[in-house]
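One structure is given below, encoded as structure tokens.
The values are calculated or read from the model by the stated rules, or taken from the named source; none is laboratory data. This structure is a prediction, so every number in the text was calculated from the model and none was measured. When we count neighbours, we look across all protein chains shown, and the Cβ atoms used for this are built from the backbone with ideal geometry, even at glycine.
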Amino acid sequence: MRLFFLALFLLLPIVGQASEQRLVEFETSKGTFVLALDAHKAPHTVTNFLSYVQNGFYQGTIFHRVIEGFMIQGGGLTKDMQPKTTNAPIKNEGKNGLKNKKYTVAMARTNNPHSATSQFFINTKDNNFLDTKGSTWGYAVFGKVYRGADVVDAIEEVVTTTRAGQHDVPAKPVVILNARIVE
């Protein structure tokens, strides 16, 4: 009996950690990658992101901004560059200690630090200038690429053009075919 409780006691921290990291698989027209989300350090951002995943919001959206040596951004526009209707903006969790390092995922936003909704970006290099510093809000990192960095690299390398008044748009759309939570 004591052995059972000892084993249970030793497993509890592992179970708690597993529930704080959620995996989300993105199937794209360039391949599949998986993000590991940090619900411990960015709980509101992760909850927001997962709600979009669960509602099928990302299906059919594109990576609409791709800048080689910087990042790939998606999650808000359709193939014809039309914005999808989003939920209300969330509070910026950029003071969570997570940094905009290569292969981390962060929320995209406007100049208003608390304006992030559905759009996200994956850093393709260390972008320390995007981190929160003192009273200057940065971009809230909430996870990292867990698997499929080669797919992120392939998206980063696509040919871009100007389309619908926006620069750095892939000439051939990179479509998110499906996003799902991995159990």
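Brief remarks follow.
- Filtered residues of the stretch 142-183 (kept if surrounded by fewer than 15 Cβ atoms within 10 Å (Cβ to Cβ), in a strand (DSSP E or B) and basic (Lys, Arg)): Arg147
- Checking each residue in the stretch 152-182 for being closer than 17 Å to Ile67 by Cβ and within 14 Å of the chain's Cα centre (by Cα) picks out only Val152.
- Residue within the stretch 42-52 that is assigned to a loop (DSSP other than H, G, I, E, B) and under 13 Å from the mean Cα position of the chain (by Cα) present: yes
- Criterion violated by Asn111 - all others in (1) in a strand (DSSP E or B); (2) over 20 Å from Asp153 (Cβ atoms) satisfied: (1)
- Selected residue (criterion: surrounded by the fewest Cβ atoms within 10 Å (Cβ to Cβ)) from residues of the stretch 82-105 that are touching a Gly at 6+ places or on another chain (Cβ under 9 Å) and either in contact (Cβ under 8 Å) with a residue 60 or more places away in the chain or not charged (D, E, K, R) (or both): Pro83
- Test: residue in the stretch 54-61 that is within 23 Å of Thr162 (Cα to Cα), at pLDDT 95 or above and part of a strand (DSSP E or B): yes
- Count of residues meeting criterion [surrounded by fewer than 18 Cβ atoms within 10 Å (Cβ to Cβ) and of a type outside the set (Val, Ile, Thr)] in the stretch 63-81: 6
- All of (1) touching an Asp or Glu at 6+ places or on another chain (Cβ under 6 Å); (2) surrounded by 15 or more Cβ atoms within 10 Å (Cβ to Cβ) hold for Ser118 with one exception: (1).
- In the set (1) among the β-branched types (Val, Ile, Thr); (2) over 19 Å from Phe63 (Cα atoms); (3) in contact (Cβ under 8 Å) with a residue 12 or more places away in the chain, Val141 fails one condition alone, (2).
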